[in-house]
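As structure tokens, the structure follows; a few thoughts come after it.
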């Protein structure tokens with residue numbers, strides 16, 4: 001990890017019609033889309049940069065995802 005960069009986790013949700021919706025959990029409302037995983041990642045970078053610029057314009061501090069823990073939970077299906 002680059003010590004001079006902010007770290008953000010992104011979530012890529014495959015869409016039924018194709019492509020991926022991208023969510024940035026640490027930045028509420030920061031959502032974008034890409035046709036491929038590579039495009040979705042690039043679009044995420046653009047969206048995050050714009051979000052951070054808006055935060056700076058409003059005097060808000062950036063809190064990166066450096067200490068976030070990603071895990072999952074399986075819930076039994078109902079019969």
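Being more than 12 Å from the chain's Cα centre (by Cα) and surrounded by 10 or more Cβ atoms within 10 Å (Cβ to Cβ) is the filter; apply it to segment 55-79 and report the residue that is nearest to residue 13 (Cα to Cα).
Ranking the candidates gives 68 first.
Quick test of your reading of the structure: residue 54 fulfils all but one of (1) closer than 24 Å to residue 67 by Cβ; (2) touching a strand residue (DSSP E or B) at 6+ places or on another chain (Cβ under 9 Å); (3) in a helix (DSSP H, G or I). Name the failing condition by number.
Against the list (1) closer than 24 Å to residue 67 by Cβ; (2) touching a strand residue (DSSP E or B) at 6+ places or on another chain (Cβ under 9 Å); (3) in a helix (DSSP H, G or I), residue 54 comes up short only on (2).
For residue 38, are the conditions met, namely being touching a strand residue (DSSP E or B) at 6+ places or on another chain (Cβ under 8 Å), outside any loop (DSSP other than H, G, I, E, B) and free of Cβ contacts under 8 Å to residues at least 24 places away in the same chain? Quick ask: steps written out before the conclusion?
Numbers: touching a strand residue (DSSP E or B) at 6+ places or on another chain (Cβ under 8 Å): no; outside any loop (DSSP other than H, G, I, E, B): yes; free of Cβ contacts under 8 Å to residues at least 24 places away in the same chain: yes.
In short, no.
Out of the residues in segment 12-28 meeting the condition of being within 17 Å of residue 63 (Cβ to Cβ) and either surrounded by 13 or more Cβ atoms within 10 Å (Cβ to Cβ) or touching a residue at least 12 places away in the same chain (Cβ under 8 Å) (or both), tell me which one is nearest to the chain's Cα centre (by Cα). First the steps, then the outcome.
Taking segment 12-28 and keeping what is within 17 Å of residue 63 (Cβ to Cβ), we get 23-28.
Adding the requirement that they be either surrounded by 13 or more Cβ atoms within 10 Å (Cβ to Cβ) or touching a residue at least 12 places away in the same chain (Cβ under 8 Å) (or both) leaves 23-27.
On the way: 23: 4, 24: 2, 25: 6, 26: 7, 27: 7 Å.
Result: 24.
Every number in this text was worked out from the coordinates using simple rules, so none of it is lab data. If you're wondering where the values come from, they're calculated on a predicted model, not measured in any experiment. Note that each Cβ is placed from the backbone with ideal geometry, even for glycine, and that neighbours are counted across all protein chains shown.
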